[in-house]
Amino acid sequence: MLLMNLRTLSARALRDRTLCRMLTTQPNAQRPESLKQHRQQQQHQLQHDFPAYKGQSYDEVVKLRKQYLTPNVTSYYKKPLLIHKGRGAQLFDQEKSYLDMFGGIVTVSVGHCHPKVNAALEEQMRSLWHTTNIYMHPKLHEYAEKLVAKMPGDLKNVYFVNSGSEANDLAMVIARLYTGNHDIISFRNAYHGASPYTMGLTAHSTWRYPLPGLNSGILHAMNPDPYTGIWGGKQCRDSPVQTTRNCDCQENECKATDKYYDQLEQIFKYSLPRGKVAAMFAESIQGVGGTVQYPKGYIKRAAELVRANGGLFISDEVQSGFGRTGEHYWGFEGHDIVPDIVTMAKGIGNGFPIGAVVTTRKIADVLSQALHFNTFGGNPLACAVGIAVLDVIDEEELQKNSLDVGSYMLKGLEKLRDKHDVIGDVRGKGLMIGVELVADKETRQHLSAPHFVDIWEMCKDMGVLFGRGGLNANVLRIKPPMCVNRTDADYALAVIDYCCDQYMKKRKRGSRR
């Protein structure tokens, strides 16, 4: 698979990659003549195109990081990368380039340093940086109109903030004020932020500090995961690739949905005041949790249950919005619902700090009960960037590209899953993809951290950057800028194929000792 893909890769795609060079450092790597030729082409092109680094030395940066940043600021990889430039789907450190298949944690939506987004920011910087929304400025109103035009139903009022955590914070406040109820439900395995307020929603022990009051009014429902959950199997997910796990579900009837829904009902029966819930939060596809998808129909039924008990349904689109899932502009559309509140961030600004809460006028009115203010939310720079991002997504048909390239990659990953024992599950939609690595396919036992890191580090050494997710940090998170093409997908698939192959060979050698 690797060599076949390498032969089909264009010289353009390979010119800034480090695959050929890094292959020569692997103990079992072969160097056929075609790889030598690719390496020569790469080195020749790098002499002309590789951006020069003029900053502090690597060792100086490491020293300053240790000395001045708080110890919790950690880096990916045993030897962290020092990235100084981005372009399209590529990132550059001092010596090499990398295919970025994580998009700055699902944040770079239209491509690193997109010319149109850069130009919009530069133009705005020359006229007005900041006033706050106590004054009117044109970009705020232009952007609000363009953004809510993308929303269905009565979701036509927006409040701008600076991040996903801030957006979810505000959504919690709005829901409690509007309903007069206090309790909020989220899923186990969910991630909705790390602020003191949203940390209660986030149900990963690794993201929670031992602080009092975090869980005040927060209940965590059983996560309806068709792969590692109690129920589910190969008929349950809305994805081009289904799990290989057997189940009794029919093609248009998911029994797992019924069973997980029954568990959700138990919370309403036993853990809530009768008929009184403020809200339920759900990511359309869980991001940090490892690209977990729910059984078909579950979210729609959950939303109906919440509303029947006086609550609002809140869709967290921080990672799944803006066309990333391919079939729809918003992830919640794949569940056939219109939420009461939608929160968004990350891809909304292509890396610029911006977030938003979108809801109906009736619900938004509750914020008039007292003063609420965000100094930087909706500032002219952020709004100019946000407008440009919306335009680029439409003009370059990036939602369509997400569907095309994402489906192509999912099918390629499905073949790798069937080939490699270490790949247990492949899932996702569009360019929101997860690859779960396992120690045992039958039991679905997760691959332990040291073994996962072997594969993950090897991918980085070969010039491809993947994210890492799941409670056990054993899921490759593939969420690249939505401008990636099939050639990039082929390259990433070739690297995963090779690294899994090398890992399995290493494991077999170890078992013989």
If you plug each phi of the stretch 311-322 into the Karplus form 6.51 cos²θ - 1.76 cosθ + 1.60 with θ = phi - 60°, what whole-Hz ³J(HN,Hα) values come out, in order, with x for Gly and Pro? x, 10, 9, 10, 9, 8, 9, 4, 10, 9, x, 6
For a Förster distance of 30 Å, can you work out the FRET efficiency between the beta-carbons of residue 77 and residue 211, rounded to the nearest 0.05? 0.50
Tell me the angle of helix 115-125 to the major Cα principal axis of the chain, expressed in degrees between 0 and 90 and rounded to the nearest ten. 50 degrees
Subset of 96/346; 234/411; 150/362; 300/346 violating a 23 Å alpha-carbon distance limit: 96/346; 300/346
Students often check this: by mean Cβ neighbours within 10 Å, which of 213-224, 328-339 ranks highest, and how do the rest follow? 328-339, 213-224
5 angstrom amide H check on residue 446, placed H, neighbours 5+ away: 439
What is the sum of charges around residue 343, taking Lys and Arg as +1, Asp and Glu as -1, for the other residues whose C-beta is under 11 Å from the C-beta of residue 343? -4
Against the longest alpha carbon principal axis of the chain, how many degrees, from 0 to 90 and to the nearest 10, is the axis of helix 138-148 turned? 90 degrees
In debye to the nearest 20, how big a dipole does the chain give about its Cα centre with +1 on each Lys and Arg Cβ and -1 on each Asp and Glu Cβ? 1660 debye
Solvent-accessible area per residue for the chain (1.4 angstrom probe, square angstrom): 44 Å²
For the stretch 267-284, Karplus-derived ³J(HN,Hα) couplings (6.51, -1.76, 1.60; θ = phi - 60°; whole Hz; x for glycine and proline) come out as 5, 5, 6, 10, 10, 10, x, 4, x, 10, 9, 7, 5, 10, 9, 8, 6, 5
Calculated FRET efficiency, residue 506 and residue 258, Cβ-Cβ r, R0 25 Å, to nearest 0.05? 0.05
About the Cα centre, charge dipole magnitude for the stretch 369-488 (Lys/Arg +1, Asp/Glu -1 at Cβ), debye: 260 debye
For the stretch 115-396, with only Lys/Arg (+1) and Asp/Glu (-1) charged at the beta-carbon, what is the dipole magnitude about the Cα centre, in debye rounded to 20? 660 debye
At a Cα cut-off below 18 Å, give the aspartates and glutamates reachable from residue 506, other chains included and same-chain residues fewer than 8 away excluded. 421, 440, 454, 457, 461, 497
Given labels modelled 7 Å from the Cα in the Cβ direction, how far is it in nm from residue 173 to residue 441? 5.1 nm
Considering amide H positions built from the backbone, and no H for Pro or chain starts, which residues 5 or more places from residue 187, or on another chain, come under 5 Å of its amide H? 221
I need the phi-derived Karplus couplings for the stretch 419-434: 6.51 cos²θ - 1.76 cosθ + 1.60, θ = phi - 60°, integer Hz, Gly and Pro marked x. 8, 10, 5, 7, 9, x, 8, 10, 8, x, 9, x, 9, 10, 10, x
With every protein chain in place, the chain: carbon and sulfur % of accessible area (1.4 Å): 51 percent
Sort 472-484, 190-202 by packing, meaning the average of other beta carbons within 10 Å per residue, with the highest value first. 472-484, 190-202
Compare the peptides 280-286, 53-59, 240-246, 304-310 by average per-residue count of other Cβ atoms within 10 angstrom and give them in order, highest first. 280-286, 240-246, 304-310, 53-59
Between the stretch 314-364 and the stretch 135-192, how far is it from one alpha carbon centroid to the other, in angstrom? 9 Å
Cα gyration tensor shape of the chain, rounded if a/c is under 1.5, else prolate or oblate by comparing a/b with b/c: oblate
Rounded to the nearest 500 deg cm²/dmol, what is the calculated helix-only ellipticity per residue at 222 nm for the chain, with -39500 (n - 2.57) per DSSP H run of length n ≥ 4? -12000 deg cm²/dmol
Taking amide hydrogens as modeled 1.01 Å from N in the peptide plane, which residues meet the under 5 Å criterion relative to residue 241, leaving out close sequence neighbours? 428
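The values are calculated or read from the model by the stated rules, or taken from the named source; none is laboratory data. All of these numbers come straight from a predicted model, not from anything done at the bench. Every residue, glycine among them, receives a Cβ derived from its backbone with ideal geometry; neighbour counts consider all protein chains shown. Surface areas here come from the heavy atoms of the whole protein model, side chains and all, with no ligands, DNA or RNA. Shrake-Rupley method; radii C 1.70, N 1.55, O 1.52, S 1.80 Å.
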